[in-house]
Amino acid sequence: MRMVSPSGGNESKTYTRHFMLTKNEICSNKVIETPELEPTLGSTVYFGSQNTPYTSWRIMHKELDKQDPSKRTRDILPLEKQRSRIEVTLGRHTLEETGLYSLRDLEGLNFKTTFSKFFEFGLPRFCDPTIVSENQLRRFIAMHLDKERFFAQGAYRMKQRPFERAMRFEKRFKKPAPIRYLGSRTVSYKELQAVVSSRLGKLTSSYSTANLYK
C-alpha cells in the first residue's frame, strides 16, 4: 500500500510514500508504535505491485476540480459533489485464473460472479467498551487505536496491524503469538456492495452474445 502525492507545490512532479513498515521495522523492539500515515490532499493510493501479473488497485478521491497548474487555480468541491474512483487492474495471471484468455471469452460472462471479489468494501466492527472482563482495559485501548487507524487508512490498515504485532512477538519470544483481541474484525459495506453489484450486472448485459453481435 503506497501513496503517490504532488511534490510540494509542484503539480507536475510526484513522490511516493509507503504506508506499511518493512519487516525489519516491524520486528524491531520499539515500544512506541509508528504513527499512522494519512493520505495527503490530491494523492492517489495504490494496492499491489506496479505492473503486477496479478491484481492491483488505484483509489482517487476527487476533492478538487478545474485545476490549472500553470495559473495555480482550482475549485474546491463541496462535500456533496466530492466523489471517489476505484480502478482495479487484472494482470495476465488473474485473467487466466478467471477463464479469460481472449475477448471472445467475454461472451455470456457473468461479471457479478466473476469480479465481485475484487470489489470488497469493509467497515470496522469496534469492540464494545462496556463489556466487563479482565481484558477490559486492553479492549478499550485497542478500540481507540482502531478508530485512529480506520480514519487514517481505512479497514485495510486495521487488518494489517495484527500481523505486525504477531511478527514482533514471534521474533522476541521465538514462538507463535497468543490468540487475543487485536481489533481486526470488519463487516461488509452493504451500500457500496449494492452499487458494485448493479454496475457489474449492467456489464453482464452489455457483453451478452446478443449485444456483441448486433
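List of remarks:
- Single match in Lys159, Lys190 (criterion: at pLDDT below 80, under 25 Å from Ile86 (Cβ atoms) and not small (Gly, Ala, Ser)): Lys159
- Selection from the range 188-197 of residues that are in a helix (DSSP H, G or I), among the small types (Gly, Ala, Ser) and surrounded by 11 or more Cβ atoms within 10 Å (Cβ to Cβ): Ser197
- The range 87-114 residues that are more than 22 Å from Ser198 (Cβ to Cβ), paired with ones that are of a type in the set (D, E, K, R) and surrounded by fewer than 16 Cβ atoms within 10 Å (Cβ to Cβ) (beta carbon under 7 Å, 6 or more apart): Gly99/Asp105
- Selection within the range 138-150 - at pLDDT below 75 and open to solvent by 100 Å² or more (accessible area, probe 1.4 Å): Arg138
- Test: Arg165 is under 27 Å from Glu87 (Cα atoms), modelled with pLDDT of 75 or more and assigned to a helix (DSSP H, G or I): no
- Single unsatisfied condition, Glu11 versus (1) of a type in the set (D, E, K, R); (2) modelled with pLDDT of 80 or more; (3) part of a strand (DSSP E or B): (2)
- Sole residue being open to solvent by less than 100 Å² (accessible area, probe 1.4 Å) and modelled with pLDDT of 80 or more, chosen from Ser206, Ser184: Ser206
- Breaking point among (1) at pLDDT below 85; (2) in contact with a Phe, Trp or Tyr (Cβ under 7 Å, 6 or more places away or on another chain), for Gly48: (1)
- Scanning the range 88-123 for residues that are among the small types (Gly, Ala, Ser) and over 21 Å from the mean Cα position of the chain (by Cα) returns Gly99, Ser102, Gly108.
- Residue list for the range 14-41, restricted to those being touching a Pro at 6+ places or on another chain (Cβ under 9 Å) and at pLDDT below 65: none
- Subset of the range 47-105 [among the hydrophobic types (A, V, I, L, M, F, W, C), in a strand (DSSP E or B) and open to solvent by less than 90 Å² (accessible area, probe 1.4 Å)]: Phe47, Trp57, Ile59, Met60, Leu64, Ile86, Val88, Leu90
The values are calculated or read from the model by the stated rules, or taken from the named source; none is laboratory data. If you're wondering where the values come from, they're calculated on a predicted model, not measured in any experiment. A quick note on method: Cβ atoms are made from the backbone with ideal geometry, for glycine too, and the neighbour counts reach across all protein chains shown. For the accessible areas, the whole protein counts, side chains as well, though only heavy atoms, and no ligand, DNA or RNA atoms are used. Shrake-Rupley method; radii C 1.70, N 1.55, O 1.52, S 1.80 Å.
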